[in-house]
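What follows is calculated from the coordinates using simple rules that are stated; it is not laboratory data. If you're wondering where the values come from, they're calculated on a predicted model, not measured in any experiment. Neighbour counts are summed over all protein chains in view; Cβ atoms, including those assigned to glycine, are modelled from backbone coordinates with ideal geometry.
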Amino acid sequence: MTGSGRFAPSPSGDLHLGNLRTALLAWLFARSTQRSFALRIEDLDRVADGAEARQIADLRSVGIDFDGTPVRQSERRELYDAALDRLVDADLVYECYCTRREILDAASAPHAPDGAYPGTCRNFTDKERAIRRTARPAALRLRADESSWTVSDLLHGEFTGVVDDFVLRRGDGIPAYNLAVVVDDGDQGIDQVVRADDLLTSAPRQAYLAGLLGIEPPQYVHVPLAVGPTGKRLAKRDGAVTLRDRIELGEMPSDVFRLIAGSFGVDATSARQLLGRWDSTLVPSAPWAVRLPP
Ligand code: GLU
Ligand code: ZN
């Protein structure tokens with residue numbers, strides 16, 4: 001095997017059909033390219049009781065298998081801290097004391113690129129820092145030398161997006177998602193990242209940070225989201241949208257699988273069966289408009 005793909009759910013609740021489809025796509029892309037496939041539980045934040053075990057069971061019941069033991073971000077703090085220390089040593093980190101409100105107000109100023117941190121705290125003197133530090137716990141931000149970066153995505157081609165001085169460690173001391181994901185993908189030997197395309201705009205920041213940490217950026221594959229009847233991203237409000245909901249209505253995991261496989265225009269009831277017929281051109285470029293059987 002060469003390289004590895006991964007699925008990295010946040011255990012904040014049960015996986016819905018869109019999440020299962022993204023997981024299946026990650027598995028298909030990895031398995032069809034002879035990669036191994038890792039599961040990482042992104043539990044630094046928002047953990048729902050029992051969700052991790054239910055997510056793993058649901059993935060298995062639609063035929064998605066993993067290599068190795070799942071890793072949990074909550075158990076890998078030393079790795080994130082070590083990476084942060086290296087960036088601090090390279091003088092690439094500074095403290096930020098801004099509130100969310102202050103950032104929103106400053107970011108709407110005409111010179112700030114879309115959603116980018118405006119750099120308010122970048123050039124404070126030691127004296128100014130000492131004063132502001134007493135007001136609230138500081139977040140740590142990357143001192144980025146670039147304002148954009150280009151990544152290569154199998155479905156989107158060359159994608160250029162904003163790189164700003166993004167947060168590496170939150171004010172509450174928790175490693176930020178962008179840091180954890182880069183450190184973990186590097187540490188786990190992940191060279192293919194398949195995930196929902198709402199994260200495409202995060203990829204330039206992550207690839208840039210990877211470079212600073214001496215990590216080769218992965219091949220990205222950002223896949224379309226699932227949407228409900230109103231055209232908004234699929235959510236609980238759309239009804240029986242989790243595997244467990246469907247099973248309660250009398251369906252089998254194979255029925256749910258067939259619904260997902262149908263979104264690729266393939267009639268298949270198991271992951272292995274779909275893998276045998278897999279081809280990356282089967283991923284439609286439009287969001288998956290989920291039509292639930294009555
Ligand atoms: N944990 C993130 C999520 O559930 C995915 C992060 C990633 O795949 O990079 O949306
Ligand atoms: Zn700030």
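With coordinates expressed along the principal axes, the C-alpha atoms belonging to segment 182-294 extend over 51, 33, 25 Å, beginning with the largest. Of the options GLY63, HIS222, SER147, report the single residue whose Cα projects farthest towards the positive end of the charge dipole of the chain (beta-carbon charges: Lys, Arg +1; Asp, Glu -1). Looking along the dipole axis, the top candidate is GLY63. When the Gaussian network model of the chain links Cα atoms closer than 10 Å, the mean-square fluctuations of ASP67, ASP81, ASP89 top out at ASP89. From the alpha carbon centroid of segment 249-294 to that of segment 200-242 is 19 Å.
Under 8 Å for C-alpha pairs, at least 6 residues apart: give me the relative contact order for segment 139-284, rounded to a whole percent.
18 percent
Gyration tensor analysis over the Cα atoms of segment 6-138 returns equivalent ellipsoid semi-axes of 38, 18, 16 Å (largest first, whole Å).
Volume per residue of the convex hull around the Cα atoms, evaluated for the chain, comes out as 146 Å³.
Where both bridge residues fall in segment 150-224, DSSP classifies roughly 45% of the beta bridges as antiparallel. Distance from the alpha carbon centroid of segment 51-113 to that of segment 128-161 works out to 12 angstrom. Computed over the chain, relative contact order equals 20 percent, with contacts defined as Cα pairs under 8 Å that lie 6+ residues apart.
Comparing LEU282, LEU39, LEU15 in a Gaussian network model of the chain, where Cα atoms under 10 Å apart are tied by springs, the biggest mean-square fluctuation is seen for LEU282.
Globularity index of segment 74-158 is 1.33 (Cα radius of gyration / 2.2 N^0.38 Å, N = number of residues). Quick one: angle between helix 51-61 and the longest Cα principal axis of the chain, in degrees between 0 and 90, rounded to 10, please. The answer is roughly 40 degrees. Among the cysteines of the chain, those with no neighbouring cysteine Cβ under 4.7 Å are CYS98.
Share of antiparallel DSSP beta bridges in the chain, in percent to the nearest 5?
Taking every DSSP beta bridge within the chain, about 50 percent pair in antiparallel fashion.
Note on the chain: GNM, Cα springs under 10 Å; of ASP126, ASP238, ASP153, the largest mean-square fluctuation is that of ASP126.
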